1. Determine if the stretch 101-111 includes at least one residue that is farther than 20 Å from residue 146 by Cα, modelled with pLDDT under 95 and out of contact with any strand residue (DSSP E or B) (no Cβ under 9 Å at 6 or more places or on another chain).
2. Can you confirm whether residue 178 is assigned to a helix (DSSP H, G or I) and either surrounded by 14 or more Cβ atoms within 10 Å (Cβ to Cβ) or at pLDDT below 90 (or both)?
3. State the number of residues belonging to the stretch 73-87 that are free of Cβ contacts under 8 Å to residues at least 24 places away in the same chain and within 29 Å of the chain's Cα centre (by Cα).
4. In the set 7, 19, which member is at pLDDT below 80 and more than 41 Å from the chain's Cα centre (by Cα)?
5. Residues in the stretch 268-286: is at least one assigned to a helix (DSSP H, G or I), under 19 Å from residue 403 (Cβ atoms) and touching a strand residue (DSSP E or B) at 6+ places or on another chain (Cβ under 8 Å)?
6. Within the stretch 129-172, how many residues turn out to be more than 20 Å from the chain's Cα centre (by Cα) and more than 19 Å from residue 107 (Cα to Cα)?
7. Pull out all pairs, ordered by first then second residue, where Cβ-Cβ is under 6 Å, the residues are six or more apart or on different chains, the first lies in the stretch 456-470 and is within 12 Å of residue 514 (Cα to Cα), and the second is modelled with pLDDT of 95 or more and buried (at least 21 other Cβ atoms within 10 Å of the Cβ).
8. Being surrounded by 19 or more Cβ atoms within 10 Å (Cβ to Cβ) and within 18 Å of residue 492 (Cβ to Cβ) is the filter here; which residues of the stretch 394-414 pass it?
């Protein structure tokens, strides 16, 4: 950078203590850079250091100094983004005024920084930015560089994070958390805090039917971006795939309501299921990225926790809130010595990792349920044009949807218990806790499978995963646990007993070990009274029969 610009930047940080003087100084610099950008938009062959200088200014200037000039700075950046997209569109055969990759990528860096520091001023402005970013996101890997496509996704995420609840305490925007519930904070840059500067509530607009088409398109674009990188094999970008999944999680959290997201559940869940299915065999490349798989697991759980949340579907389930109560976690002292003994059970085949029984079909076509199989019941106001992107979450819809979701989860979740990456298993545990806490009634068909997976994680090799799984399982067995969980444990015990001969007589020692661990965990946590009850029940007579004794 030129010495004069560096001196100006230093003055910005140490030479101004008066807020008005600092704001004036920021504008004088912005004015020079933005005028230069307008010249570049007319003649992109012109080389200038203005973009890099602008980026540095945006990075060091405080938000309150940039907000008054948000529109002023945004305008030339969007002009250059338009030009870059137009240049790269496949429909363009020849380009007279081409925007270079470096300029296009720097524009997106500046845009991301600006959107992370400033808030949008109106719904109209939000719509304009959405359209510009959508056109850019539609570019394929052959049309735009990896850095460009990643910059588009990160800019969209920055825009989402800049959306804040309004001042109206009764507004619907207060009903959503706004951030992914299973988010690890180290994954996310801290957004600027504060209430919305707009007179309109942008969060409520994002949740409305007017924004449904845009929300659906961005869900599709982000999933498509992640899938494209996986399909490119070792040429694909694991980083871009991670950014796409993380941004999708932010979008889902910002929309945040079952009414707004239910219509898109089939396509989203199917795509996530595809990611988890591929993770069975892919250990390298973008498709095998550990971080991407972790993001997908958490993203799938968060989507289901919103759309199929028990409390959000009270009317559809025909149940009262007194019956559906949330899980309030409580700390219990874990018996680490017993768990350590279970972890140290011997295994004959050395070098084999622990596995769990999987869906033997192994066919993607059976794992990913087509959207057409989810029969959605449209609301009555969806008779004009395309219709409302909305479904009536009736009891029939909940039952059919949860049934299809259960098939997907049962075909993909069990194998994740044996994933070699600690991070993946940690994300999987977070997903299990979230689903059992929020969707235990709507996903009642999946509860047994989730509990079996939890039993595997209780004896995980890593203490932090094992301890967290133990704490949650101890709660489920405690007097404060949901009563249906106690009945589920009996069903889990019976299922494990039924499958025991098959795994013992099979050739998979690691599978037999995992099965034995699950059974011992259930017995240990159920306590002596549970075993006494079973020995005095038909289960006692059934056990000799399955061994032909």
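The values are calculated or read from the model by the stated rules, or taken from the named source; none is laboratory data. Just so we're clear, the structure is a prediction, and the values are computed from it rather than from any experiment. All Cβ positions, glycine included, derive from the backbone under ideal geometry; neighbour counts span all protein chains shown.
1. No, there is no match, as no residue in the stretch 101-111 is farther than 20 Å from residue 146 by Cα, modelled with pLDDT under 95 and out of contact with any strand residue (DSSP E or B) (no Cβ under 9 Å at 6 or more places or on another chain).
2. Working: assigned to a helix (DSSP H, G or I): no; either surrounded by 14 or more Cβ atoms within 10 Å (Cβ to Cβ) or at pLDDT below 90 (or both): yes.
No; evaluated as a whole, the condition is false for this residue.
3. Residues that pass the stated criteria total 0.
4. From the options 7, 19, the qualifying one is 7.
5. Scanning the stretch 268-286 turns up no residue that is assigned to a helix (DSSP H, G or I), under 19 Å from residue 403 (Cβ atoms) and touching a strand residue (DSSP E or B) at 6+ places or on another chain (Cβ under 8 Å).
6. 9
7. Note: pairs meeting the criteria are 457/429.
8. 409, 413, 414
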